[in-house]
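Mind looking over this structure? Questions follow.
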Amino acid sequence: MEVNRQYEKAREAITYIVANQYRQPSLSEIASAVGLSDFHFQRLFTEWVGSSPKQFLRYITLNYAKYLLQEKSVGSLFELADEVGLSSSSRLHDMFVSIEGMTPNEYANGGAALTISYSYWDTLFGRVVVASTAKGVCHIAFVFEHTTGLDRVYHDFPNATLLEEEKEVHRAVSEVLNRQGDLGEIKLHLKGTAFQLKVWEALLQVPMGELTTYGKIANDLGNAGASRAVGTAIGRNPIAVLIPCHRVIQQTGLLGGYMWGPERKQLIVGWELSKTR
């Protein structure tokens, strides 16, 4: 079964599990819903999601999300990152990501002075397009077919020179998204307001396997009343997965929305929890 087809089967299974989570569907029921035998479904799901369907169902429940928010909570995201420990076996790819904000000159005149290279890659969570400037990655988006996913780049940098070509940093991103190899360091070169950049940097402090809320990020930024502004900044995040907005959920424990679709958010969150539990 080809990679994209495998991903689609995993996505279908996640959609079914989420829709029927209160009934606690059996392995056979889920396998039948996606048109696979019990054996092949169990193997495919475990390979793509990193846990059994039963474990995944536990990870995405409201009660488990509440547990992560309450029982595992510490003073701030920054303390939480320290608590996890960079030297532990759960060394986190986010800690290797650094952000540099673009200067006004770099995006003046629609980015006329910028050359942006982009290429397409298959990942555990779906096909992505990765775009970069000479200074770092400026855009990662999930795509449905080749040549899509660059609308934001065209909007933000209408006069930039765009070239479809693979760069080493693109390959490094694909390895991170596939959780392979030595992660090293990935630099991001982003256009954003000062507040947006602070929010995106705060997201990098949320360890893999943990969840946070819009309100907690606002508090950590010293502006408790800015939850709505935080949500807007997260909605403008130009870097899928590497800046982990999927780890931000509602205060109630509900996972909430995601610009790349709720099923994909369920997949990424469930996969990360399965790797750290």
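At R171 and E201, where each label point lies 7 Å from the Cα along Cα→Cβ, what is the point-to-point distance in nanometres?
Computed distance between label sites R171 and E201 equals 3.2 nm.
Something else about it: If you take all C-alpha pairs in the stretch 156-206, what percent of them are over 14 Å apart? Numbers along the way, then the final one.
Values: 870 of 1275 pairs.
Above the 14 Å cut-off, the stretch 156-206 has 68 percent of its Cα pairs.
Dipole of the stretch 202-277, Cα-centred, from +1 at each Lys and Arg C-beta and -1 at each Asp and Glu C-beta, to the nearest 20 debye? Don't skip to the end; give the middle numbers.
Values: 8 positive and 4 negative charges, 15 e Å.
Dipole size: approximately 60 debye.
So what does log10 I(q)/I(0) come out to for the stretch 114-163 at q = 0.16, 0.23 Å⁻¹, using the Debye formula with one equal point on every Cα and no solvent?
With no solvent term, the Cα-only Debye profile gives -0.41, -0.80.
Can you put E263, E210, E201 in order of accessible area, largest first, using a 1.4 Å probe? Walk me through the numbers before you get to the answer.
Details: E263 60, E210 20, E201 85 Å².
Reading off the accessible areas and sorting them downward yields E201, E263, E210.
Find how much the distance from D122 to H40 grows on full extension, using 0.36 nm per residue of separation minus their present alpha carbon separation; answer in nm with one decimal. List each step's numbers first, then the result.
On the way: separation 82, 0.36 × 82 = 29.52 nm, distance 2.17 nm.
Contour length minus Cα-Cα distance gives 27.3 nm.
Once you put a point 7 Å from the Cα of Y154 and another 7 Å from the Cα of A113, both along the Cβ direction, what distance in nm separates them?
Reported label-point gap for Y154 and A113 is 2.6 nm.
Another one. Given the pairs K66/K265; K66/K216; K66/K187; K9/K265; K167/K275; K167/K187, which span a C-alpha to C-alpha distance of over 25 angstrom in this model? Numbers along the way, then the final one.
Numbers: K66/K265 17 Å; K66/K216 14 Å; K66/K187 33 Å; K9/K265 16 Å; K167/K275 29 Å; K167/K187 13 Å.
Correct reply: K66/K187; K167/K275.
Still on this model: Can you tell me, using C-alpha contacts under 8 Å and at least 6 residues apart, the relative contact order of the chain as a whole percent? Let's see the in-between values first.
Values: 419 pairs, mean separation 62.9, N = 277.
With pairs under 8 Å counted, the relative contact order is 23 percent.
Right, next: Using a basic spin-label model with each label point 7 Å from the Cα along Cα→Cβ, how many nm lie between L162 and K135?
Taking the two extended label points, one gets 2.1 nm.
Which of rounded, prolate or oblate describes the stretch 174-273 when judged by the alpha-carbon gyration tensor and an a/c cut-off of 1.5?
Here the stretch 174-273 falls in the oblate category.
Just name one of V18, C138, G192: the one whose Cα is farthest towards the positive end of the charge dipole of the chain (beta-carbon charges, Lys/Arg +1, Asp/Glu -1).
Projecting each Cα onto the dipole axis, the largest value belongs to V18.
Once R0 is set to 35 Å, what does the formula 1/(1 + (r/R0)^6) return for the Cβ-Cβ distance between A194 and N4, expressed as a FRET efficiency to the nearest 0.05?
Working from the Cβ atoms, E equals 0.35.
Work out the length of the dipole vector of the chain about its Cα centre, built from +1 on the beta-carbon of each Lys and Arg and -1 on the beta-carbon of each Asp and Glu, and round it to the nearest 20 debye.
Working: 27 positive and 29 negative charges, 147 e Å.
Around 700 debye, computed over the chain.
Please give the Cα centre distance for the stretch 145-173 versus the stretch 236-255, rounded to the nearest Å.
If you average the Cα positions of each part, the centres end up 23 Å apart.
A follow-up question, please. Compute, for I268, the solvent-accessible surface of its heavy atoms (probe 1.4 Å) with the complete set of protein chains present, and express it in square angstrom to the nearest 10.
Accessible area, nearest 10 Å²: 0 Å².
When you take every Cα atom in the stretch 113-203, what is the radius of gyration, and what is Dmax, the widest Cα pair distance, in Å?
Considering the stretch 113-203 through its Cα atoms, Rg and Dmax are 13.1, 36 Å.
Could you give the accessible area per residue of the chain, probe 1.4 Å, as a whole number in Å²?
Numbers: 12940 Å² over 277 residues.
Heavy-atom SASA per residue in the chain reads 47 Å².
Carbon and sulfur together cover what percent of the accessible area of the stretch 134-277 at a 1.4 Å probe radius? Before the final figure, lay out each step's value.
Working: 3090 of 6260 Å².
Of all accessible area on the stretch 134-277, carbon and sulfur atoms account for 49 percent.
Per residue, how much space in cubic angstrom lies within the convex hull of the C-alpha atoms of the stretch 18-71? Please report the intermediate quantities before stating the final value.
Details: hull volume 4.1 nm³, N = 54.
Cα convex hull per residue, to the nearest whole number: 75 Å³.
Oh, and also: Tell me which of G126, I243, L221 sits at the most positive position along the dipole axis of the stretch 118-277, charges placed on C-beta atoms (Lys, Arg +1; Asp, Glu -1).
In the stretch 118-277, that residue is L221.
What share of the DSSP beta bridges in the chain is antiparallel, in percent to the nearest 5? Please report the intermediate quantities before stating the final value.
On the way: 12 of 25 bridges.
Percent antiparallel among DSSP bridges in the chain is about 50.
The values are calculated or read from the model by the stated rules, or taken from the named source; none is laboratory data. Every value quoted in this text rests on a predicted model; they were computed, and no experiment measured them. Counting neighbours? That spans all protein chains shown, and the Cβs are built from the backbone with ideal geometry, glycine included. Heavy atoms of the whole protein, side chains included, go into the accessibility calculation; ligands, DNA and RNA do not. Shrake-Rupley method; radii C 1.70, N 1.55, O 1.52, S 1.80 Å.
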